[in-house]
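**Student:** Handing you a structure now.
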Amino acid sequence: MPIGYVVVEVEYQYNDEYYYTESEGGNPVKIFLDKAEAEKHCKKLNLEAFKKTDLSGYIIEGEWCMMFDDPEKAASKYALNLDEPWNISIPPGKIEEFVDDCKLEFYKVISVEMQS
């Protein structure tokens, strides 16, 4: 069976403290037959989402490890104050690099079997 690559918007819920996700899937945005094209489109959508989203609600109880594998390294690289998770500012010109380093996804690619 052929494989399709679906770009999905990750569904986040808010509990009056922070955002979280429970589902494996999300809202389908677009399907591709080429994985590289799907990933390119997904990256574009994530960049747009990062530019317009307040990221502070995605840091759960001050735990930066939800966003970065190595929060200390990220703090140094992007001049983040780990003691003030409500005050996140991505340095100009570093948004693509920040998105690549960050584990937070607003969009992701999932593969699906397509019927012939």
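Any read-out appearing in this document is the output of simple, stated calculations on the displayed coordinates, not a laboratory observation. Fair warning: this is a prediction, and the values are worked out from it, not measured in the lab. Every residue, glycine among them, receives a Cβ derived from its backbone with ideal geometry; neighbour counts consider all protein chains shown.
**Student:** Within region 43-53, is there a residue that is over 18 Å from Val8 (Cβ atoms) and either of a type in the set (D, E, K, R) or more than 18 Å from the chain's Cα centre (by Cα) (or both)?
**Tutor:** Step one: list which residues in region 43-53 are over 18 Å from Val8 (Cβ atoms), which gives 51-52.
Then keep just the ones that are either of a type in the set (D, E, K, R) or more than 18 Å from the chain's Cα centre (by Cα) (or both); that gives 51-52.
Within region 43-53, one or more residues are over 18 Å from Val8 (Cβ atoms) and either of a type in the set (D, E, K, R) or more than 18 Å from the chain's Cα centre (by Cα) (or both).
**Student:** Looking at (1) within 15 Å of Tyr5 (Cα to Cα); (2) in contact (Cβ under 8 Å) with a residue 60 or more places away in the chain, which is the only condition Glu37 fails?
**Tutor:** Checking Glu37 against (1) within 15 Å of Tyr5 (Cα to Cα); (2) in contact (Cβ under 8 Å) with a residue 60 or more places away in the chain, the one that fails is (2).
For every residue, the table says whether it meets (1) in contact (Cβ under 8 Å) with a residue 12 or more places away in the chain; (2) among the polar types (S, T, N, Q); (3) out of contact with any helix residue (DSSP H, G or I) (no Cβ under 6 Å at 6 or more places or on another chain); (4) under 20 Å from Asp101 (Cβ atoms).
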| residue | (1), (2), (3), (4) |
| --- | --- |
| Val7 | yes, no, no, no |
| Asp16 | no, no, yes, no |
| Ser56 | yes, yes, yes, yes |
| Trp64 | yes, no, no, yes |
| Pro71 | no, no, no, yes |
